[in-house]
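Written below as structure tokens is the structure these notes are about.
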Amino acid sequence: MWLAKRLEEMAEEDALNARLVRRHFLQGRSYTELAAAEGLTEKAVERRISRTINQLRQRAAKEGLLKLSQKDQVPGKKLREK
């Protein structure tokens, strides 16, 4: 499964962000619960999850799995075409 593989790769790069995404989306943990468990603010958890999801979107688009609209692309970053 593409997502599982990418989350494993992300865990090697940033274990905390990958853990937050897994626990939030797969285990249904709230930002409040995650913040308390990791010693972060809710805002920090929200930002980390948002950034990680955006990275996953960008990667999926780069690999041809989805097409991003202009509003979904990261400002200042353009996807390379194959």
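Every read-out reported here was derived from the displayed coordinates using simple, explicitly stated rules and does not represent laboratory data. The structure presented is a predicted model; accordingly, all values stated were derived computationally and were not measured. Methodologically, a virtual Cβ is constructed for each residue, glycine included, from the backbone with ideal geometry; neighbour enumeration extends over all protein chains shown.
Placing a pseudo-label 7 Å from each Cα along the Cα-to-Cβ vector at residue 62 and residue 8 gives an inter-label distance of 1.9 nm.
In segment 2-67, Rg over Rh equals 0.99, where Rg is the alpha-carbon radius of gyration and Rh the Kirkwood radius from pairwise Cα distances. Taking amide H atoms as placed 1.01 Å from N in the peptide plane, the amide H of residue 29 lies under 5 Å from those of 24, each 5 or more residues away in sequence or on another chain.
Fewest neighbouring Cβ atoms within 10 Å first, the residues 69, 50 line up as 69, 50.
The gain in end-to-end length when the residue 26 to residue 41 segment is fully stretched comes to 3.3 nm, 0.36 nm per residue minus the alpha carbon separation.
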